[in-house]
Amino acid sequence: MIRRAMNRPQLRRRRETPLGWSLAAMLTPVLLSGCSAALLDTKGTIGHANRTILIDSLAIMLAIVIPTILATFAFAWWFRAGNRKATYLPDWEFSGRIEMIVWAIPTMTIVLLGGVTWISAHQLDPAQPIASDTAAIDIQVVSLDWKWLFIYPEHRVASVNELVVPAGRPLHFMLTSSSVMNTFFVPQLGSMIYTMNGMQTELYLQADAPGTFRGISGHYSGEGFSDMRFDVKALSAEDFARWVNKTREGKTTLDAASYTELAKQSINIPSSTYGTVERDLFTQIVSQKLAPGPGPELAREGISAKPEIKP
């Protein structure tokens, strides 16, 4: 009786385990249904090219992986203990033909993947202009703690945590950081690029059609990193011109003093705009004529730092 009583919970656990796994398997697609497939749902010229490279590389690898998996099961089934037709060769140790196949297939795979990477690395150079009948619009980007500043030098306006661009026109980004290294990434439009203090990087992107896309920071940069997101609004040429004119009506000015105030650490601040921007402000930031931001390490040391949390 004691032995039976002890075994009952164990039997219950054995029966419950498959049911738990079955429920988890059924719920997984539901939980994952909210995940964004931004890398595959591309909306820009560079994004389309990146998706093609991803799919081509995956196809090349699967052309090796799938036959290898099938061959593994086939060999295991053929050389099973109960198959008397399988030839047992205990003294066999070398075959030139098999060696050639074993080494030739991965060599060809590496050559194919290397060729795709080599060609695409040159074609999709971040600083390579996009071929277009319309001139690219310059946008200066500054990553701050923990927000994004976008300056439009041609229009002398700026925005924070919101990037408004004309659809169907190449975008020429010039990027830097106010403090620590960060990354600028709009998954649906294309390539990710780093921003670094005292340096300027370049990136060309394009939104092929109007829409709203999500921009993120892809590099951990401190306490407010998780909220360092922004919306990219691609508008028609007419709507973009109206946005510029409306922004110019604003009374706020982005100069050295207001930039210094903006560069202070803050988390999850709402988007805002500046109707006027001081000339060569971005150059002053890159050349460090304007002092770099404090950086997340100061918050840990307690020197100046509580992040200013605004609604």
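Please tell me which of these pairs span more than 20 angstrom C-alpha to C-alpha: K147/K233; K264/K289; K147/K246; K147/K264?
Values: K147/K233 17 Å; K264/K289 17 Å; K147/K246 23 Å; K147/K264 10 Å.
In this structure, K147/K246 exceed 20 Å between Cα atoms.
Straight-distance candidates among the aspartates and glutamates for linking to K251, with alpha-carbon spacing under 16 Å and chain neighbours fewer than 8 residues away dropped: E278. Between T68, G96, W78, the Cα set farthest toward the positive side of the dipole of region 45-123 (charges on each charged residue's Cβ, about the Cα centre) is that of W78. Amide H to amide H, with H built 1.01 Å from N, T183 comes under 5 Å of T195, G218, H219, counting only residues 5 or more places away or on other chains.
Couplings 3J(HN,Hα) for region 175-186, derived from phi with the Karplus relation 6.51 cos²θ - 1.76 cosθ + 1.60 (θ = phi - 60°), are 10, 8, 10, 7, 8, 7, 5, 9, 9, 9, 8, 10 Hz, where x marks Gly and Pro. Normalised by the number of residues in region 137-309, the average gap of Cα pairs under 8 Å and 6 or more apart makes the relative contact order 27 percent.
Rank-order 87-94, 144-151 by packing density, defined as the average count of other C-beta atoms within 10 Å over each peptide's residues, highest first. Don't skip to the answer; put the middle values down first.
Numbers: 87-94: 6.1, 144-151: 24.4.
Result, highest mean first: 144-151, 87-94.
Every number in this text was worked out from the coordinates using simple rules, so none of it is lab data. Worth saying up front: this structure is predicted, and the values here are computed from it rather than measured. Cβ atoms come from the backbone with ideal geometry, glycine included; neighbour counts cover every protein chain shown.
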